[in-house]
1. Accessible area per residue of the chain at 1.4 Å probe, in Å²?
2. Contact order normalised by length for the chain, with contacts defined as Cα pairs under 8 Å and 6 or more residues apart; what percent is it?
3. To the nearest 20 debye, what is the magnitude of the charge dipole of the chain about its Cα centre, counting +1 on the Cβ of each Lys and Arg and -1 on the Cβ of each Asp and Glu?
4. Can you give the angle from 0 to 90° between the axis of helix 91-108 and the longest principal axis of the chain, with both taken from C-alpha atoms, to the nearest 10?
5. For the range 55-114, what is the Kirkwood hydrodynamic radius in Å, using each pair of distinct C-alpha atoms?
6. Within the accessible area of the chain, what % is carbon and sulfur when the probe is 1.4 Å and the other protein chains stay in place?
7. In Å, the Kirkwood hydrodynamic radius of the chain over pairs of distinct alpha carbons?
8. For the chain, what is the mean residue ellipticity at 222 nm derived from helices alone (per DSSP H run of n ≥ 4: -39500 (n - 2.57); sum divided by total residues; nearest 500 deg cm²/dmol)?
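The values are calculated or read from the model by the stated rules, or taken from the named source; none is laboratory data. Bear in mind the structure is a predicted one, so any value in this text is a computation, not a measurement. We place every Cβ from the backbone using ideal geometry, glycine too, and count neighbours over all the protein chains shown. Each accessible area value is taken on the protein alone, full model and side chains, heavy atoms only, with ligands, DNA and RNA left out. Shrake-Rupley method; radii C 1.70, N 1.55, O 1.52, S 1.80 Å.
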Amino acid sequence: MKALITGSFDPFTIGHDDIVQRTLAIFDQVIVGVGVNERKTYRQDTQQRIEAIQRLYADEPRLEVKAYSDLTVDFARREGAGVIVKGVRSLKDYEYEREQADINRRISGIDTLLLFADPALSSVSSSMVRELEHFGRDITAFLPKASKKSKKVKE
């Protein structure tokens, strides 16, 4: 079965990597869907985000990275994904993802699998990483090894 993992991945963090690795252990194929929302401002453009994730998984033939700008369930159908996988770090994440999963299933029949974050990574988020970077902090500890494209800044 093919699984779809979606997000803006701005940037793609060690928490995202953990969810991808765990999803690869469960499913035959994984698509990482890089969401494009014209109402959001991104740190990196879509192509940069896609290429960073592709570099990270260059040796994994079961994983594809693609951009999309429509409903996640429409993208999932188009790609032949049988399930959407989402990472959950907190109760707030859980409530949001549960509501999304309910609506997605209602309008498409596609189920969502929620994977709880590794407790050691539950505080890692893209917004937290962007905030640290904004204030000149070294963010490389929060990025997977192959995607360390952000410049290091000394404290």
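1. On the way: 9010 Å² over 155 residues.
Counting only protein heavy atoms, the per-residue value for the chain is 58 Å².
2. Values: 234 pairs, mean separation 46.5, N = 155.
Answer for the chain is 30 percent.
3. On the way: 25 positive and 24 negative charges, 68 e Å.
Taking the Cα centre of the chain as origin, the dipole is about 320 debye.
4. Compared with the principal axis, the helix lies near 40 degrees.
5. Numbers: mean 1/r = 0.0777 Å⁻¹.
Evaluated over the range 55-114, this radius sits at 12.9 Å.
6. Details: 4370 of 9010 Å².
After summing per-atom areas, the C and S share lands at 49 percent.
7. For the chain, inverting the mean 1/r across all distinct Cα pairs yields 16.0 Å.
8. Working: 5 runs with 59 residues, N = 155.
Per the formula, -12000 deg cm²/dmol.
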